[in-house]
Each structure stands twice: as C-alpha cells, then as structure tokens.
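These notes concern the structure reproduced below.
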Amino acid sequence: MSIAGRSRILRQLFGCLVLFTAHEALAEALVDPDVTAVVEGGYWREDGIGEGSYRIIVVNQGFEHVSSRVVAEWKLGSNEKERAQIVHSLELVKGGFYSVGAPEIEFSRDGARVELEGTATFSSGTTVVCHFALAPGGKVAVLKACGD
C-alpha cells in the first residue's frame, strides 16, 4: 500500500475516533449521572396538544443516606419538523424520604399505573410500596402513598 493510501486510512480512523469521543461526551452531558432508572411507554392523547408516551425518571441523591426523587413526564412525540418535548411533569416522590428501585408500569387505554418499591431512607429495614395512576392532561392520582 502506498504512503498516500496509508495516510488516507489513518485520517479516516482518526476521524472515527474523534466522532466516537464526541458522541460519548455528548451522551454524558445529556444524561444526569444521578439518574438511576428511566421507564417510558404507553400512550396518551390530549385535545389541542397531541399524543405521546409516559416517562418515569428515578434520580438518586445523597451518599450516606441515599434517597430517590421520582418524576412522571408526559412526552409529546417527535415528528419530521419538531423534536420530542415534555408537556407535563410532576414529582411523584420528593427526595429525602425514600430510596426506590426502577419503577414497574402497567399501561392501559386509560393511562398508566406506576408501582415503586424501596425502603425508608432513615430506616433501612422499613419497606415502602407506592402506587400512582397517570392519565392524559398531566393528571396523577395517588393510589397508595409511600408512607402508608
């Protein structure tokens, strides 16, 4: 292989390496490192706004007594002209009180049912279970509060 051919291959490999490194750096900048779980799915439709999916995000905070903050989002689907966007966002669990794992979600035509399981932050032997119902329009019903 000629020197010019080798030089071209090295430039291509270097370009791929730069793109890979830039992609990894962008991914790190987009995702909060404290996010421990994201579950998305289901379907909602709201007059005047559109349609999309539900998304539940669990964010851990603290280091000695780790607690979770859980947020429900109503995500409007993307199309050729616009990116996806969040049209409603509500906090299901405030940080500081409970440490929960990945949410379990059941989807239906009427919305979504979210179940969270974990422990009380300052009483590690105390198990907690929480249930929420999500509906179009950013509506949340607490079926079973975490402390009950």
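Observations on the structure shown:
- Being modelled with pLDDT of 60 or more and either in the same structural domain as residue 100 (by TED's automatic domain parsing) or not aliphatic (A, V, I, L, M) (or both) holds for only one residue in 49, 3, and it is 49.
- Residue identified as part of a loop (DSSP other than H, G, I, E, B) and touching a residue at least 60 places away in the same chain (Cβ under 8 Å) among 112, 72, 102: 102
- Output for region 108-143, where each listed residue is of a type in the set (D, E, K, R) and either more than 19 Å from residue 90 (Cα to Cα) or buried (at least 16 other Cβ atoms within 10 Å of the Cβ) (or both): 109, 113
- Members of region 43-75 found to be of a type in the set (Gly, Ala, Ser) and surrounded by fewer than 21 Cβ atoms within 10 Å (Cβ to Cβ), listed by number: 48, 50, 53, 62
- Test for residue 108: is it more than 21 Å from the chain's Cα centre (by Cα) and assigned by TED's automatic domain parsing to the domain that holds residue 42: no
- All positions within region 76-99 that are assigned to a strand (DSSP E or B) and surrounded by fewer than 15 Cβ atoms within 10 Å (Cβ to Cβ): 85, 86, 89, 90, 91
The values are calculated or read from the model by the stated rules, or taken from the named source; none is laboratory data. These figures come from a predicted structure and were not determined experimentally. Cβ sites come from the backbone with ideal geometry, for glycine too, and all protein chains shown count toward neighbours.
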